Each structure stands twice: as structure tokens, then as C-alpha cells.
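Taken together, the values in this text are just the output of simple stated rules run on the coordinates, not laboratory data. Since we're looking at a predicted model, the values are computed, not measured. Virtual Cβ from ideal backbone geometry, glycine too; neighbours counted across all protein chains shown.
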Amino acid sequence: KQEVTQIPAALSVPEGENLVLNCSFTDSAIYNLQWFRQDPGKGLTSLLLIQSSQREQTSGRLNASLDKSSGRSTLYIAASQPGDSATYLCAVVHTSGTYKYIFGTGTRLKVLA
Amino acid sequence: DTGVSQNPRHKITKRGQNVTFRCDPISEHNRLYWYRQTLGQGPEFLTYFQNEAQLEKSRLLSDRFSAERPKGSFSTLEIQRTEQGDSAMYLCASSPRPGTPGKLSTDTQYFGPGTRLTVL
């Protein structure tokens with residue numbers, strides 16, 4: 001059974017810091033991995049999608065890496081801003097079946113002005 | 001595309017009552033998912049539709065839960081005899097058929113804003 005873990009559970013940093021969020025998964029037979037952002041009481045917004053054959057993806061100040069063999073992904077946020085405050089979720093899709101997401105428990109990020 | 005919509009956004013009900021939620025996916029998305037998210041946790045998969053066919057149901061979906069997607073368009077999720085443990089955010093997501101041309105990725109699911117259920 002696939003299990004997804006995110007560390008840390010919560011993080012508070014001053015504005016301008018670079019930070020790394022971690023995601024680990026137990027079954028390396030994944031189709032893709034995706035990072036989402038969730039604001040309080042809201043739905044999910046997709047940030048970055050990494051296919052199983054890819055090593056990383058970048059969008060603006062965000063960079064996500066994938067090491068499938070070790071079951072790890074990291075989300076790097078450069079020059080953090082108060083607007084980055086949210087919960088960040090990683091999710092994996094297995095190679096077979098219905099392409100449902102298996103989510104981690106998330107990292108709650110607070111960027112202080 | 002106008003995005004995935006869900007109604008109602010909030011529902012407060014008393015224990016034992018029945019509730020029904022609606023999800024309208026992005027137009028022509030043939031795949032539709034329901035997830036449940038409790039406080040402090042990531043979303044958990046409930047069920048999946050491809051067109052009108054319900055192809056997978058999680059063990060989380062007890063006998064009190066039923067989902068439909070008539071005609072392969074909107075979907076409803078009904079909870080009968082609600083319990084306090086049903087209090088959660090119910091999220092709907094849709095995804096296009098693989099190979100569908102357009103700006104939206106076929107490898108990602110697009111989420112609605114969710115329906116927040118509180119059972120008193």
C-alpha cells in the first residue's frame with residue numbers, strides 16, 4: 001500500500017528565506033508526482049507536475065525534484081514571500097488503475113513579513 | 001473553461017439527516033473523482049467515475065455513501081444518516097481523457113473549491 005509522508009508538518013520562516021519541503025513515498029511504481037497548494041478552507045491549486053521519467057520541474061520561484069528510486073521529492077521555494085503562506089501537499093499517482101491521487105498530510109507554511 | 005464547481009459550499013446538518021452534494025466538472029472532462037479531507041490531513045480518495053461508470057470505490061465509502069454521475073456530466077454524492085465523523089471537506093476533481101487536445105494537462109486533476117460539511 002502506497003504511503004506518502006511530508007516533513008516538516010509545519011514551518012515558519014522570515015520573508016526572503018529559501019526553503020525546502022520534503023515528500024517521501026513507499027512504492028516507487030508511480031506514474032507521476034504533483035505538488036499542490038491549499039489555502040485555508042479552499043480547494044487545491046496545482047503547482048508542479050513531475051512525470052516518472054523526469055527529474056525536476058521549475059515554475060518561477062518553485063523547483064520540484066523527483067528521485068523515484070529512493071522514493072523522495074523536494075519542493076524548493078526561493079525568496080519566500082508572505083503570499084506563499086499556505087499548506088503544501090504532494091500527491092502520487094500509481095502506474096496502474098484509475099490515476100487517483102495518494103496525498104501526503106501536507107506542510108503548513110507561514111512566511112512572516 | 002470555467003473550472004470545477006461544487007454546491008453547496010457549506011452544509012450544516014444534524015446527525016441522522018441525509019445530505020447531497022453536487023459537482024459540475026470542467027466541460028467534456030470524462031474523469032471525475034471525489035475526495036474527503038479532514039482537518040489537518042491530506043485528501044483521501046473516495047470514488048472515481050469514467051463517464052457515467054463508477055469504476056472504483058474506496059473502503060472509506062461505507063453503505064451510507066452513494067455517488068452517481070448520470071449521463072457522464074455532473075455528479076452527486078449523498079450521505080445518508082449522517083454521523084459526526086462525516087464532518088469534513090468533500091472535494092471533487094475532474095480530468096480530461098488522455099490525448100485530449102487543449103491547454104489543460106491530461107495528467108492532472110482540476111479541483112473544485114469543496115463542500116464543507118459539519119454534522120452537529
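Which residue out of A:73, A:46 is in contact with a strand residue (DSSP E or B) (Cβ under 9 Å, 6 or more places away or on another chain), under 15 Å from residue A:32 (Cβ atoms), of a type in the set (Gly, Ala, Ser) and surrounded by 18 or more Cβ atoms within 10 Å (Cβ to Cβ)?
The match here is A:73.
So which of B:81, B:31, B:97, B:15 is within 11 Å of chain A (Cβ to nearest Cβ) and touching a residue at least 60 places away in the same chain (Cβ under 8 Å)? Walk me through how you get there before you give the answer.
Values: B:81 fails: within 11 Å of chain A (Cβ to nearest Cβ); B:97 fails: within 11 Å of chain A (Cβ to nearest Cβ); B:15 fails: within 11 Å of chain A (Cβ to nearest Cβ).
Being within 11 Å of chain A (Cβ to nearest Cβ) and touching a residue at least 60 places away in the same chain (Cβ under 8 Å) holds for just one of B:81, B:31, B:97, B:15, which is B:31.
Please count how many residues of the stretch B:39-61 are part of a strand (DSSP E or B), surrounded by fewer than 17 Cβ atoms within 10 Å (Cβ to Cβ) and either hydrophobic (A, V, I, L, M, F, W, C) or at positive phi (or both).
Matching residues across the stretch B:39-61 total 2.
What is the residue count in the stretch B:47-78 for residues that are away from chain A (no Cβ under 14 Å) and not charged (D, E, K, R)?
The qualifying residues number 10.
Every residue in the stretch A:25-44 that is more than 16 Å from residue B:41 (Cα to Cα) and among the small types (Gly, Ala, Ser), please.
Selection gives A:28, A:29.
With (1) away from every other protein chain (no Cβ under 11 Å); (2) touching a residue at least 40 places away in the same chain (Cβ under 8 Å); (3) in a strand (DSSP E or B); (4) of a type in the set (A, V, I, L, M, F, W, C) as the list, and residue A:91 as the residue in question, which single condition is left unmet?
Single failed check for residue A:91: (1).
May I ask you to verify whether residue B:8 is surrounded by 15 or more Cβ atoms within 10 Å (Cβ to Cβ), touching a residue at least 40 places away in the same chain (Cβ under 8 Å) and either of a type outside the set (Lys, Arg) or out of contact with any Ser or Thr (no Cβ under 8 Å at 6 or more places or on another chain) (or both)?
Against the criterion (surrounded by 15 or more Cβ atoms within 10 Å (Cβ to Cβ), touching a residue at least 40 places away in the same chain (Cβ under 8 Å) and either of a type outside the set (Lys, Arg) or out of contact with any Ser or Thr (no Cβ under 8 Å at 6 or more places or on another chain) (or both)), residue B:8 does not qualify.
Residue by residue through the stretch A:94-109, note down the ones that are among the aromatic types (Phe, Trp, Tyr) and outside any strand (DSSP E or B).
To start, the set of residues in the stretch A:94-109 that are among the aromatic types (Phe, Trp, Tyr) comprises A:99, A:101, A:103.
Residue satisfying the conditions is A:99 alone.
Are any of the residues in the stretch A:94-104 more than 16 Å from residue B:108 (Cα to Cα) and either surrounded by 15 or more Cβ atoms within 10 Å (Cβ to Cβ) or within 14 Å of chain B (Cβ to nearest Cβ) (or both)?
Yes, the stretch A:94-104 contains at least one residue that is more than 16 Å from residue B:108 (Cα to Cα) and either surrounded by 15 or more Cβ atoms within 10 Å (Cβ to Cβ) or within 14 Å of chain B (Cβ to nearest Cβ) (or both).
Taking the condition at the interface with another protein chain (Cβ under 10 Å from one of its Cβ atoms) and closer than 15 Å to residue A:101 by Cα, does residue B:6 pass?
It is false that residue B:6 is at the interface with another protein chain (Cβ under 10 Å from one of its Cβ atoms) and closer than 15 Å to residue A:101 by Cα.
Among the residues of the stretch A:4-20, are any within 12 Å of chain B (Cβ to nearest Cβ), touching a strand residue (DSSP E or B) at 6+ places or on another chain (Cβ under 6 Å) and surrounded by 18 or more Cβ atoms within 10 Å (Cβ to Cβ)?
Within the stretch A:4-20 (the criterion being within 12 Å of chain B (Cβ to nearest Cβ), touching a strand residue (DSSP E or B) at 6+ places or on another chain (Cβ under 6 Å) and surrounded by 18 or more Cβ atoms within 10 Å (Cβ to Cβ)), the answer is yes, since at least one residue qualifies.
Of the conditions (1) within 14 Å of another protein chain (Cβ to nearest Cβ); (2) surrounded by fewer than 17 Cβ atoms within 10 Å (Cβ to Cβ), residue A:82 fails just one. Which one is it?
(1)
Please find, within the stretch A:24-74, the residue that is farthest from the other protein chains (Cβ to nearest Cβ) out of those that are farther than 17 Å from residue A:96 by Cβ and of a type in the set (Asp, Glu).
Checked the stretch A:24-74; the qualifying residue farthest from the other protein chains (Cβ to nearest Cβ) is A:67.
From the list A:65, A:69, A:53, which residue is assigned to a strand (DSSP E or B) and either free of Cβ contacts under 8 Å to residues at least 60 places away in the same chain or touching a Cys at 6+ places or on another chain (Cβ under 8 Å) (or both)?
After applying the criteria, what remains is A:65.
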